[in-house]
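Enquirer: If you scroll down you'll find the structure; I have some questions about it.
The values are calculated or read from the model by the stated rules, or taken from the named source; none is laboratory data. Being a predicted model, the structure only gives us computed values, none of them experimental. Cβ atoms come from the backbone with ideal geometry, glycine included; neighbour counts cover every protein chain shown. When the accessible area is computed, the model is the full protein with side chains, heavy atoms only, and any ligands, DNA or RNA have been set aside. Shrake-Rupley method; radii C 1.70, N 1.55, O 1.52, S 1.80 Å.
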Amino acid sequence: MRIATLALLAFFVPSAAAGQGLSAADVWQAGKPAKELFGGMKAAAPVAARAIGTYAKGCLSGALALPVEGPTWQAMRLSRNRNWGHPELIAYLERLANKVPQVAGWPGLLVGDLAQPRGGPMLSGHASHQLGLDADVWLTPMPSLLIPRAEREEFPPQLMVRRDRKDIDPAAWTPTHWRVIKAAAEDPIVERVLVNAAIKKALCRDAQDDRGWLQKVRPIYGHDYHMHIRIRCPKDSPECQPQEPVVPGDGCGKELDWWFTDAVLYPPPAPLDAPKPKPKPPLTMADLPQSCRQVLLAK
Ligand SMILES: [Zn+2]
């Protein structure tokens, strides 16, 4: 039995390594977590670029890989193989990275996770990032020297938020940070930029007369060392389901207060005898749009 399993693996692994699609039998297997299928893909679906589904239940064909380094960026944590995105996201990131030396004097950007080669749910981290339209960009300036690829696995990001979580850390935050976030948000294809509420508070305080871009920058938990950039559904992707538009206004002032209440910053621990919340069952192919099966099968 063990030998038979090994023989099967020997048969399947080289085809996955070559980036070829799965077999119909694999994809049709009811109940199998979709993250196991998408998490195993090594290369893009070699068909037209399409973002399919919603940001947290979808997939991606025709992805491009962000080159692991360019003149003004370096991709981080390369072993995760998550530097893939819709061509519009890749073009956007290169555009943004090229602006950064001029707007902020940084040598460039450190880029974290985008999506897997065929998007979809991931084996670890991130509920979204499934369509190839989301990118995590660090708030640590790129060093002017190339970080060796192996070191990019461990290279520590700089935390931007103070220990008490009520504001940014003045030792980390500089005026260049809001300029980079402004440049990221101003691009017309960007729908949202998600940052820690303390960072949003700092942006509200630091932004000068031109404040329209603040509307796209929304507070969220975590995100204390990177911004999460989300671009809109591309025109080539009729099955991409857009999110609700961001609410009007700059989102500053009283709207932010809730994020700094004790209930949010220091939630009381659940009583020991409280029933444990059931973990959500993982997404299966039945939860994703039908077309995502074709994305896995494409060779
Ligand atoms: Zn993210």
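Enquirer: Starting from residues that are within 10 Å of the ligand (Cβ to nearest atom) and either modelled with pLDDT under 95 or out of contact with any Asp or Glu (no Cβ under 9 Å at 6 or more places or on another chain) (or both), keep the ones in region 107-128 and report whichever is most open to solvent (accessible area, probe 1.4 Å).
Expert: Ala127
Enquirer: Regarding Pro148, is this residue within 14 Å of the ligand (Cβ to nearest atom), in a loop (DSSP other than H, G, I, E, B), closer than 28 Å to Pro71 by Cβ and not β-branched (Val, Ile, Thr)?
Expert: So Pro148 does not fit the description; no.
Enquirer: Give the number of residues within region 186-204 that are more than 16 Å from Leu139 (Cβ to Cβ), open to solvent by 30 Å² or more (accessible area, probe 1.4 Å) and more than 16 Å from the ligand (Cβ to nearest atom).
Expert: Summing the residues that are more than 16 Å from Leu139 (Cβ to Cβ), open to solvent by 30 Å² or more (accessible area, probe 1.4 Å) and more than 16 Å from the ligand (Cβ to nearest atom) in region 186-204 gives 2.
Enquirer: Related question: Do you know which residues across region 220-229 are open to solvent by 30 Å² or more (accessible area, probe 1.4 Å) and of a type outside the set (A, V, I, L, M, F, W, C)?
Expert: Answer for region 220-229, where residues must be open to solvent by 30 Å² or more (accessible area, probe 1.4 Å) and of a type outside the set (A, V, I, L, M, F, W, C): Tyr221, Gly222, His223, Tyr225.
Enquirer: While we're here: Just give me the residues in region 151-175 being open to solvent by less than 10 Å² (accessible area, probe 1.4 Å), more than 16 Å from the ligand (Cβ to nearest atom) and either closer than 20 Å to Ala197 by Cβ or over 18 Å from the mean Cα position of the chain (by Cα) (or both), in sequence order.
Expert: Passing the criteria: only Ala172.
Enquirer: In region 230-276, which residue that is of a type in the set (Lys, Arg) and within 23 Å of the chain's Cα centre (by Cα) is surrounded by the fewest Cβ atoms within 10 Å (Cβ to Cβ)?
Expert: Lys235
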